[in-house]
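Worksheet: the structure to be examined is printed underneath.
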Amino acid sequence: MLRYLTAGESHGKGLIAVLEGMPAGLKIEPAAINAELKRRQAGFGRGKRMQIENDKAEVVSELRRGISLGSPIALLIKNKDFSIDSLQRIVCPRPGHADLSGLLKYGFTDARDVLERASARSTAATVGIGALCKILLREFRITLGSGVVSVGGSKTSKAIKEKIQQAVMHKDTVGGIFEVVARGVPAGLGSYVQPDKRLDSRLAGAVMSIPGIKAVEIGLGSGYAQKFGSEIHDAIYFSKSKGFYRNTNNAGGIEGGISNGEDVVLRGCMKPICTLMNPLDSVNIRSRHPAKASVQRSDICVVESAGIVAESVAAYVLADALLEKFGGDSLSDIKAGYARYLKRIR
Ligand code: EPS
């Protein structure tokens, strides 16, 4: 149904995102895309790069008078810090980063060749894709939001701020957990008929594709391991006004790989950023002698931004599953099928 590609290096000319499979007839306002890009740049703990960039997307293909034509949509986000050719070499790989495995894989002698593409800067393009998908989902009253659950084990906003300040003071970094909630998702997206059609496997894979993510859970997630079935499964009720509904949502809105009509809830765990101002032991890749890992401009904590990126990939998965079920080339066809379906399941 939908597919996307991104391209671009952290300090190259810019980032490109291409999304194919969007229906014709959708009003696309660049302001809505730019608002999402801005959200990704914010958050306590971000580094100096975010003071340089002011991410804005230019829609370089597919629209006519602001309305989609059914052809691929291409976005361009220019980098202000376009300095790729003059940046210093990096010869002491950072533990936790793609530096060493990338060097070994591609036969480079400068980790700069790895980190330019491995950089989480690419997530600006991902958020551009997510913003387009959110525009489609909004037509069906499906909305997504995210929030920080914890940072370094701290949970209140005061304690989280203190934890990040502590990391700054100790020249360290800190990770955490974010939660994404999608509201208004109808029952019936995804399927149990094949592993790759399951909505939960698609969401988990999508969130895992974000740099720095080490765990994903849907609904109660690992909490399921602690309780009896009778305590944990979401009992089913029906009323004329609500249709089928639950009083609990431990399943995170997905049963048997299919959305069940409740909110879709997922959490992701992001590791601490790997660039440490007080670096760990590493090895000089040329001399093979012990050395401290390289240090360069970076962030301290990006859990909040990671949540926005996770919203974006979740929006992509939900939009893809929606088009799979109600597929059509134009928005009006899809809406007609959607309305018929909603009537049937009530
Ligand atoms: C990022 C841009 C990068 C980093 C960060 C995310 O910019 P620079 O490397 O120029 O400071 O701030 O990327 C990483 C932490 C990483 O490890 O790649 C962005 O736009 O989000």
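A quick yes/no check of all residues on (1) part of a loop (DSSP other than H, G, I, E, B); (2) among the charged types (D, E, K, R):
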site	(1), (2)
Val149	no, no
Ala159	no, no
Lys171	yes, yes
Phe178	no, no
Val181	no, no
Gly190	yes, no
ask   = What residue, of Ala167, Ala182, is touching a residue at least 60 places away in the same chain (Cβ under 8 Å), over 24 Å from Met208 (Cα atoms) and buried (at least 19 other Cβ atoms within 10 Å of the Cβ)?
value = Ala167
request  = Tell me, yes or no, whether segment 62-76 has at least one residue that is open to solvent by 20 Å² or more (accessible area, probe 1.4 Å), touching a helix residue (DSSP H, G or I) at 6+ places or on another chain (Cβ under 8 Å) and on the phi < 0 side of the Ramachandran plot.
outcome  = no
query = Looking only at strands (runs of 3 or more DSSP E) that fall completely inside segment 234-291, which ones have 3 or more residues that are out of contact with any helix residue (DSSP H, G or I) (no Cβ under 9 Å at 6 or more places or on another chain)?
reply = 237-239
ask   = Within segment 292-306, is even one residue crowded, with 23+ Cβ neighbours inside 10 Å and away from the ligand (no atom under 14 Å from the Cβ)?
value = no
key: Verdict on Leu318 being over 30 Å from Asp172 (Cβ atoms) and touching a Pro at 6+ places or on another chain (Cβ under 8 Å)   = no
key: Unique match (being open to solvent by 20 Å² or more (accessible area, probe 1.4 Å) and either within 15 Å of the chain's Cα centre (by Cα) or within 10 Å of the ligand (Cβ to nearest atom) (or both)) among Ala124, Ala120   = Ala120
Residue identified as more than 30 Å from Asp99 (Cα to Cα), among the aliphatic types (A, V, I, L, M) and surrounded by fewer than 22 Cβ atoms within 10 Å (Cβ to Cβ) among Leu322, Leu342, Leu318 = Leu342
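Here's the yes/no breakdown for (1) of a type outside the set (S, T, N, Q); (2) touching a residue at least 40 places away in the same chain (Cβ under 8 Å):
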site	(1), (2)
Val60	yes, no
Gly66	yes, no
Gly70	yes, yes
Asn79	no, yes
Pro93	yes, yes
Asp113	yes, no
request  = Quick one: in segment 13-36, of everything that is more than 10 Å from the ligand (Cβ to nearest atom) and open to solvent by less than 10 Å² (accessible area, probe 1.4 Å), which residue is nearest to Ser68 (Cα to Cα)?
outcome  = Leu26
note = Only one of Gly66, Gly43 is within 19 Å of the chain's Cα centre (by Cα), within 29 Å of Met22 (Cβ to Cβ) and not aliphatic (A, V, I, L, M), namely Gly43
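The values are calculated or read from the model by the stated rules, or taken from the named source; none is laboratory data. Keep in mind that what you see is a predicted model, and the values were worked out from it rather than measured. Neighbour counts are summed over all protein chains in view; Cβ atoms, including those assigned to glycine, are modelled from backbone coordinates with ideal geometry. Note: accessible area is taken over every heavy atom of the protein model, side chains too, but ligands, DNA and RNA are not part of it. Shrake-Rupley method; radii C 1.70, N 1.55, O 1.52, S 1.80 Å.
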